[in-house]
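Worksheet: the structure to be examined is printed underneath.
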Amino acid sequence: MLMTTTTHFHDRQPALAHSHPDRRRLVEVLVMGFVGSVMMVVWGWGSPHAGMPEQVRPIGVAVVASSVVGLSAMIIAWLRSRKLVGTRLLALVTWSLPLLFGPPLLSRDGWAYAAQGWILAQGLDPYVVPQGLAGVLGQAVGTPWGGTTAVYPPGSLWIQAAMVTIAHADPLWSVLLMRVPAIIGIALMFWAMPQLARYAGADPDHALWLGVCCPLTTLSIIGGMHNDGLQIGLSLAALIVAIHLVLSGRGWLGLVAGGAIVGLAGTIKQPGVLAGVGVVTLAHAHAVRHGSHRWTNRNCWSALLARTA
């Protein structure tokens, strides 16, 4: 169950290490998830778009079947891995590795990122120049967005321009390198989520299984290379930094430092600023719980709102 104690969590690990059936299941889920991930990549390269092929030919049917079977295999592997405590990093790396070499999956946003980065790297303004005018990369942008300009904050655009510059504007490498910030986001999530689970009295391993190893996360952030991943990772990091400082008796420093990281998250994607509310309320609740004299007035809503501001 989600609300198991941390002690119970550690008690289960030795049993796993010496369990032959669990080791066999681990191999099964790793192989099944890896093969499913490979099949999703095959679908990505075999389909002319991110969805159903325009003309259903024998090869087109095989490509679509590959996506259905691959996705099913990834979901089944993830569900079967629920009780394999302490194997989350291995599973995440194994299941995600093939996705690194595929095109943007389930979305064409990766091409839009590369196009925006190309525009900025050329010294032009992505908020003025439409994405469809970004040379070869602009031709790969989804039709509804070809005539639109960038909608993301400057942090995303600077990162996208850096990736295109590193790739020397090569179309393929420019889009593949858009996974670098996505991987950083996943790493931050993997680091922060167990700590948040412990603060909440929940099972850290279950949090990793549900929040990071889930195919919904890996396919969207790593496969789809969405900038939400880095935004979420920074938002969670803001919560961790704030809580650590608050619980060490430096409440206002926690709010300022956490707020600064929230600002970084907001430069990646606008919803990141909403984590600021979480920084204040979570820090406030934990400081009150641990008896900080400056935060003991639980009913002082005006003070809470002032800290939020």
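Exactly one of these conditions fails for Ala167: (1) over 20 Å from the mean Cα position of the chain (by Cα); (2) within 30 Å of Val29 (Cα to Cα); (3) without any contact (Cβ under 8 Å) to a residue 12 or more places away in the chain. Give me its number.
With (1) over 20 Å from the mean Cα position of the chain (by Cα); (2) within 30 Å of Val29 (Cα to Cα); (3) without any contact (Cβ under 8 Å) to a residue 12 or more places away in the chain applied to Ala167, the lone miss is (2).
Please specify each residue of the range 228-259 satisfying the condition of being free of Cβ contacts under 8 Å to residues at least 12 places away in the same chain and within 22 Å of Phe190 (Cβ to Cβ).
The answer is His244, and nothing else.
From the list Ala91, Ala50, Ala73, pick out the single residue that is modelled with pLDDT under 80, open to solvent by less than 80 Å² (accessible area, probe 1.4 Å), aliphatic (A, V, I, L, M) and under 25 Å from the mean Cα position of the chain (by Cα). Give the derivation first.
On the way: Ala91 fails: modelled with pLDDT under 80; Ala73 fails: modelled with pLDDT under 80.
That would be Ala50, the only listed residue that is modelled with pLDDT under 80, open to solvent by less than 80 Å² (accessible area, probe 1.4 Å), aliphatic (A, V, I, L, M) and under 25 Å from the mean Cα position of the chain (by Cα).
In contact with a Pro (Cβ under 7 Å, 6 or more places away or on another chain), polar (S, T, N, Q) and open to solvent by 30 Å² or more (accessible area, probe 1.4 Å): which single residue out of Thr165, Thr148, Thr143 fits that description? Don't jump to the end; show me each part of the working.
Working: Thr165 fails: in contact with a Pro (Cβ under 7 Å, 6 or more places away or on another chain); Thr143 fails: in contact with a Pro (Cβ under 7 Å, 6 or more places away or on another chain).
Checking each option against the conditions leaves just Thr148.
Identify the residue in the range 275-291 that is open to solvent by 30 Å² or more (accessible area, probe 1.4 Å) and touching a residue at least 24 places away in the same chain (Cβ under 8 Å) and, among all such residues, is farthest from Leu208 (Cα to Cα). Walk me through it before giving the result.
Applying the first criterion (open to solvent by 30 Å² or more (accessible area, probe 1.4 Å)) to the range 275-291 yields 277, 281-282, 285, 289-291.
Now narrow it down to the ones that are touching a residue at least 24 places away in the same chain (Cβ under 8 Å): 277, 281-282, 290.
Working: Val277: 23, Thr281: 23, Leu282: 20, His290: 26 Å.
Per the criteria, the residue is His290.
Is it the case that the range 114-135 has a residue that's at positive phi, part of a helix (DSSP H, G or I) and open to solvent by 20 Å² or more (accessible area, probe 1.4 Å)?
yes
Have a look at Gly251, Gly229 and point out the one that is open to solvent by less than 20 Å² (accessible area, probe 1.4 Å), small (Gly, Ala, Ser) and either touching a His at 6+ places or on another chain (Cβ under 6 Å) or modelled with pLDDT under 90 (or both). Spell out the reasoning first.
Values: Gly229 fails: either touching a His at 6+ places or on another chain (Cβ under 6 Å) or modelled with pLDDT under 90 (or both).
Checking each option against the conditions leaves just Gly251.
The values are calculated or read from the model by the stated rules, or taken from the named source; none is laboratory data. Keep in mind it's a predicted model, so treat the numbers as computed, not measured. Cβ atoms come from the backbone with ideal geometry, glycine included; neighbour counts cover every protein chain shown. For the accessible areas, the whole protein counts, side chains as well, though only heavy atoms, and no ligand, DNA or RNA atoms are used. Shrake-Rupley method; radii C 1.70, N 1.55, O 1.52, S 1.80 Å.
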